[in-house]
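Chemist: Mind having a look at this structure? Questions to follow.
The values are calculated or read from the model by the stated rules, or taken from the named source; none is laboratory data. What you are looking at is a predicted structure, and each value in this text was computed from that prediction instead of being measured. So basically every Cβ, Gly included, is an ideal-geometry build from the backbone, and we count neighbours across all protein chains shown. Accessible surface is based on the protein model in full, side chains and every heavy atom, while ligands, DNA and RNA are left aside. Shrake-Rupley method; radii C 1.70, N 1.55, O 1.52, S 1.80 Å.
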Amino acid sequence: NAGVTQTPKFRVLKTGQSMTLLCAQDMNHEYMYWYRQDPGMGLRLIHYSVGEGTTAKGEVPDGYNVSRLKKQNFLLGLESAAPSQTSVYFCASSYGQGTYNEQFFGPGTRLTVL
Amino acid sequence: AQTVTQSQPEMSVQEAETVTLSCTYDTSESDYYLFWYKQPPSRQMILVIRQEAYKQQNATENRFSVNFQKAAKSFSLKISDSQLGDAAMYFCAYSMDTGRRALTFGSGTRLQVQP
């Protein structure tokens, strides 16, 4: 099993460009999450999904959109990148109920917006 | 809203010694989970230990143990016999047992291990 994978691992964008980060998991997890990590801070929740076809906003959703068309994939989109979106992005997944809420994390994507 | 506070930005320990990392949290829920994650320079998030709020017994995983004080909303991590490979950022995290079950993280503690 590959676990949770993220594509790409690194990316540099110019202000105003768009991109999509892909998260894939092969553990049949229902719940998936996108977090961002900034220097001196813990991870913060951007968006999440509790099942295929459902998405919801987290604490810092502005400037991002997500989609979960397939259970195993969770996409994070930046329509018009801004320097404030320079960060490390982590995807995570979990079974949800009855599993101690253990989340499995991807390796992260380092995004720089110039 | 739930909050998690780690008041020690950096800690240092000698190899083979014991170190304790502090964490406090705020919640009005009665059922929840607490976690300690390790993030080495590779930036991979690694689960170290977890605690269910309904359990009074403190969790233990090999050299790692917690001191869970539910009434005080305190959740500290003790690392015994520290090893060079323990050097990393350590994050305390909280999640509810219902709803979105997302993690709320503290700001982290950077642990240095001196040989």
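Chemist: Out of all the residues in segment B:26-60, which are surrounded by fewer than 19 Cβ atoms within 10 Å (Cβ to Cβ) and under 21 Å from residue A:38 (Cα atoms)?
Modeler: B:40, B:41, B:42, B:43, B:44, B:46, B:47
Chemist: Additional query: If you take the residues of segment A:80-114 that are more than 15 Å from residue A:45 (Cα to Cα) and of a type in the set (Gly, Ala, Ser), which of them is farthest from the other protein chains (Cβ to nearest Cβ)?
Modeler: Looking at residues that are more than 15 Å from residue A:45 (Cα to Cα) and of a type in the set (Gly, Ala, Ser), I get A:80.
Chemist: Tell me which strands (runs of 3 or more DSSP E) are completely within segment A:20-109 and hold 3 or more residues being over 19 Å from residue B:99 (Cα atoms) and open to solvent by less than 20 Å² (accessible area, probe 1.4 Å), or say none if there are none.
Modeler: Ranges flagged: A:73-78, A:87-94.
Chemist: Exactly one condition in (1) closer than 15 Å to residue B:48 by Cα; (2) within 14 Å of chain A (Cβ to nearest Cβ); (3) open to solvent by 70 Å² or more (accessible area, probe 1.4 Å) is false for residue B:92; which is it?
Modeler: (3)
Chemist: Additional query: Out of segment A:2-17, which residues are at pLDDT 95 or above, more than 13 Å from residue A:82 (Cα to Cα) and open to solvent by less than 90 Å² (accessible area, probe 1.4 Å)?
Modeler: Result: A:4, A:5, A:6, A:7, A:8.
Chemist: I'd like the residue in segment B:98-115 that is within 9 Å of chain A (Cβ to nearest Cβ) and in contact with a strand residue (DSSP E or B) (Cβ under 6 Å, 6 or more places away or on another chain) and, out of all such residues, is most open to solvent (accessible area, probe 1.4 Å).
Modeler: Going through the qualifying residues, I end up with B:100.
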